[in-house]
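Values in this text are rule-based calculations from the coordinates and carry no lab data. What you are looking at is a predicted structure, and each value in this text was computed from that prediction instead of being measured. Backbone-built Cβ (ideal geometry, glycine too); neighbour counts: all protein chains shown.
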Amino acid sequence: MGEEPHDISAEPALIHAAEAEAVSAAIEQRQAAEMTWADSLGNLTVQMQRPGRP
């Protein structure tokens with residue numbers, strides 16, 4: 001917060017590798033620090049409140 005928006009570029013293969021490593025590291029906890037259950041539920045709540053949603 002408080003920063004100007006900027007573009008971030010990365011190779012798609014590296015992004016998928018980072019996601020796989022995050023899942024592997026958090027598999028026993030069933031929740032990754034990068035995206036918690038609370039984050040997922042909050043996103044779902046926002047999506048459900050959008051006008052014109054299917």
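Does Thr45 satisfy the condition of being under 12 Å from the mean Cα position of the chain (by Cα) and β-branched (Val, Ile, Thr)?
When the stated conditions are applied, Thr45 does not pass them.
List the residue pairs whose Cβ atoms are under 6 Å apart, where the first residue sits in the range 6-31 and is in contact (Cβ under 8 Å) with a residue 40 or more places away in the chain, the second is exposed (fewer than 10 other Cβ atoms within 10 Å of the Cβ), and the two are 6 or more positions apart or on different chains.
That search, which allows pairs on different chains as well, returns nothing.
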